Amino acid sequence: MKNQRSDFPGDFLFGCATSSYQIEGHAFGGAGRTQWDDFAATPGNVTRFENGDKACDHYHRYGEDLDLVKQAGFDAYRFSLSWARVLPEGRGQVNEAGLDFYDRLADSLLERGIKPCATLYHWELPSPLLDLGGWRNRDIASWFADFTQVIMERIGDRMFSVAPINEPWCVAWLSHFDGHHAPGVRDIRATARAMHHVLLAHGRAIETMRGLGMNNLGGVFNMEWADPADDSEGARAAADRYDAIYNQWFMSGVFKGAYPQAALDGLEPHLPEGWQEDFPTITAPLDWCGINYYTRKLIAPAGHPWPDYREVDGPLPKTFMDWEIYPEGLYNFLTRTARDYTGDLPLYVTENGMASADVLEDSTVEDPARTAYLDAHLDKVRQAIAEGVPLKGYFTWSLLDNYEWALGYEKRFGLVHVDFETLARTPKASYHALAKALTT
Ligand code: IFM
């Protein structure tokens, strides 16, 4: 690896990221049923109908996993808290074993000198809340605030940082317009409501944590750079719509108290009444902003009603997800975010990484493409810092191979290989390369 820790400011944090449903093993420890269990049990939604019942069994093996975080030289570990593990019905009765698990996790991180960076919601909505409409129901903001109160009363004192919701675009658009993620809805009214309620819930969680005296609270937004597929005005406008829906809606809501017009053009008629009155909650001040970045898309008009765009196959080398490798997009987002939305607020790259078709052979996994991907994106991180972007840290996705949602266990994003039969962990060559860069 070309980049070394010494190439970055002294207080720059390196971390790795995971999420609860993707690694813990949701069948363990009294967790309640989630929308992903239901979605996966419905044929046609998930590769081989796989679910998170066992996943990486991190629930039992977290000690071994945190040792790997430590040995790689990471300063921080970004993980998420399963709502259904803490409140199996989503509300009401607390699962003490769930609280105890996150308590142990927090202590185990601190014992190893690793900063705990929590995300409250990474998509495993308790099924009983979906029965009530899930993200379509405005009450979800209050349910989420109550969950925040319960879990943060227990572990909030030990968190380095907390973000309420991972990737609001996935929660809202991918799951209610595209229907690719649970609950697999394809409906514009449901989408508009989810697009708004996810931010209202974010704001209520921030308020709740401030009420508990917590600080270092942020938001985590996923971004995909959108380039027009050709020189036509139609392609430019389609890429702008994609950008407005995917990238600008959430940041604009949180940092400007407004939604971009190109997205309102289609969504406004379907937003809940009085949506503008929620902006004082949605814009609750944050201490940092996180960006999850993987790829860019080439966009052309689709000849459909709004949003009238489609993705066009791009020419760049691709990852195993079929995503183009485009580090410039990360640089573009870092500079644009600081310029247009966050100013001096600290930024973090909260996820970046790639899936590859890794093979375990003779107890090793050679994954030079992953090392090159990380290096190329770290180049852009350095460029942004050199140009004055207040970027304070970089988290790799992911520590472990894990449950890649609708794509099951096939797409391996980990620095550490997981054998999903034996659950044996084997650090890949990229893990060793990164560890060398961070510890020498
Ligand atoms: O695995 C996901 C993660 O849950 C959220 N961000 C993107 C990753 C790769 O698709």
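The values are calculated or read from the model by the stated rules, or taken from the named source; none is laboratory data. Quick caveat, the model's predicted, so the values are computed rather than measured. Cβ: placed from backbone, ideal geometry, glycine included. Neighbour counts: every protein chain shown. Heavy atoms of the whole protein, side chains included, go into the accessibility calculation; ligands, DNA and RNA do not. Shrake-Rupley method; radii C 1.70, N 1.55, O 1.52, S 1.80 Å.
Which length gain, in nm to one decimal place, applies between Asp67 and Leu407 when the Cα-Cα distance is subtracted from 0.36 nm times their residue separation?
119.6 nm
Could you tell me the relative contact order of the chain? Use alpha-carbon pairs under 8 Å, at least six residues apart, and round to a whole percent.
Contact order relative to length: 18 percent.
Would you kindly state how much longer the chain becomes between Lys256 and Thr439 on full extension, computed as 0.36 nm times their sequence separation minus their alpha carbon distance, in nm to one decimal?
Residue separation times 0.36 nm, minus the Cα-Cα distance, leaves 61.9 nm.
With both partners inside segment 296-440, how many of the DSSP beta bridges are antiparallel, as a percent to the nearest 5?
Percentage antiparallel, nearest 5: 70.
So for the chain: antiparallel DSSP bridges make up what percent, rounded to the nearest 5?
20
With N residues in the chain, what two-decimal value do you get for its Cα radius of gyration over 2.2 N^0.38 Å?
0.91
May I ask for the net charge around Asp358, where only other residues with Cβ less than 12 Å from the Cβ of Asp358 are counted and Lys, Arg are +1 while Asp, Glu are -1?
-2
Considering only protein heavy atoms, with the full assembly of protein chains and a 1.4 angstrom probe, order Val359, Val94 by accessible area, largest first.
From most accessible down to least: Val359, Val94.
Name all residues of segment 102-139 having a backbone nitrogen under 17 Å from the label point set 7 Å from the Cα of Val94 along its Cα→Cβ direction, giving them as ranges.
Only 102-107 fall inside the zone, counting backbone N under 17 Å.
In nm, to one decimal, how far is the modelled label at Ser232 from the one at Arg112, with both set 7 Å along Cα→Cβ?
It works out to 5.2 nm between the two label points.
How many lysine pairs are close in the chain, with Cα atoms under 14 Å apart and the two 8 or more places apart or on different chains?
Lysine pairs meeting the criterion: 9.
Set the Förster radius R0 to 56 Å, insert the Cβ-Cβ distance between Gln383 and Arg189 as r into 1/(1 + (r/R0)^6), and round the FRET efficiency to 0.05.
The calculated FRET efficiency here is 0.85.
Once the piece of chain linking Leu212 and Arg339 is laid out straight, how much longer is it, given 0.36 nm per residue of separation minus the C-alpha distance between them?
Full-extension gain reported as 42.6 nm.
In nm, give the distance between the simple-model label positions of Ser6 and Asp53, each being 7 Å from the Cα along the Cα-to-Cβ direction.
If labels sit at Ser6 and Asp53, their model points lie 5.1 nm apart.
Take the Cα pairs of segment 1-47, get the Kirkwood Rh, then feed it into Stokes-Einstein at 20 °C and 1.002 mPa s and tell me D in µm²/s.
147
Give me the net charge of Ala437's neighbourhood, meaning all other residues with Cβ under 10 Å from the Cβ of Ala437; Lys, Arg count +1, Asp, Glu -1.
Neighbourhood net charge equals +1.
If you roll a 1.4 angstrom probe over the protein chains with everything in place, what fraction of the accessible area of the chain belongs to carbon and sulfur, to the nearest %?
48
Provide the per residue accessible area, probe 1.4 Å, for the chain, rounded to a whole number of square angstrom.
36
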